[in-house]
1. At 222 nm, what value in deg cm²/dmol follows for the chain if DSSP H runs of at least 4 each add -39500 (n - 2.57) and the sum is divided by all its residues, to the nearest 500?
2. Per-residue HN-Hα couplings for region 179-191, Karplus 6.51 cos²θ - 1.76 cosθ + 1.60 at θ = phi - 60°, whole Hz, x for Gly and Pro?
3. Whole-Hz Karplus ³J(HN,Hα) for region 16-24, in order, using 6.51 cos²θ - 1.76 cosθ + 1.60 and θ = phi - 60°, x for Gly and Pro?
4. In the calculated pair distance distribution of region 31-147, what percentage of Cα-Cα distances lie above 17 Å?
5. Which angle between 0 and 90 degrees, to the nearest 10, do you get for helix 77-86 versus the longest principal axis of the chain when only C-alpha atoms count?
6. Evaluate 2.2 N^0.38 Å with N set to the residue count of region 98-172, then give the Cα radius of gyration divided by it.
7. Taking amide H atoms as placed 1.01 Å from N in the peptide plane, list the residues 5 or more away in sequence, or in a different chain, whose amide H sits under 5 Å from that of N202.
8. When we measure straight from the Cα of K119, which lysines land under 29 angstrom away, once same-chain ones fewer than 8 places off are left out?
Amino acid sequence: MDTYKTIIDDVTTEFTEKHSRFIGYVSHTQTDEEAVAFIEKIRSIHSDARHNVYAYVLNNDNRMRYSDDGEPHGTAGKPILDIINSYELKDITLVVTRYFGGILLGTGGLVRAYTKSAKDTLEKAEKYIMVPGFTYSVSCEYTKYSALEGLIKDFNGTAYNTRFEDNVVIDFSIPVSCEKSFIDSLTNTFSSSIKAEKTGENYTKQKI
């Protein structure tokens, strides 16, 4: 597992170039299936558009795909992919919808327009670093919940599931680099009254 950058929330941008509308969409996608589903979603929204060009990059096997969707070869999908790679982002899919405005842009104009749309969209998106980590589960008394929650945050941990039962049960992830310090601090703070059970490995999201 390696550290990588991505975006989390969907973003949309739009601009007009010589009466052609360029609408950019980006989404966090972790698999080919998720990427294709997002592309098809945008295509269904803009089924009347001349082109729905896309590119996506996945962290898994560093997989990359793109399509010009009817635009001249190399003028649309590849420029979008180049912008994604210039931001060093993975696990994202970027679609640019074009409504033709009646004026030909030429190959250079198309490259510039699709590049601008991709860049504008990624500039607007919040970026995160995905840091390799381990997942844990811990159970504690209600009186100790606040302190434990704070300790997890102090070591850049992320709680992704909290259950309020007889005790509070927290499932969370801790970056690999913080694991030993966190366990030592957990022991020092709560003695042996709270023990964390390692359940697997995952990524921890950290805003850039």
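Throughout, read-outs are computed from the coordinates displayed, never taken from laboratory work. Keep in mind the model is a prediction, meaning the values are calculated, not measured. Methodologically, a virtual Cβ is constructed for each residue, glycine included, from the backbone with ideal geometry; neighbour enumeration extends over all protein chains shown.
1. That calculation yields -10000 deg cm²/dmol at 222 nm.
2. 4, 4, 5, 5, 4, 4, 5, 4, 5, 5, 7, 10, 6
3. With the stated coefficients, region 16-24 comes to 10, 10, 6, 6, 8, 8, 10, 10, x Hz.
4. Distances greater than 17 Å cover 61 percent of the Cα pairs.
5. 40
6. Taking N as the residue count of region 98-172, the ratio is 2.09.
7. Hits under the 5 Å cutoff: G133, F134, T135.
8. Result set, ordered by chain and number: K5, K18, K41, K78, K90, K127, K205, K207.
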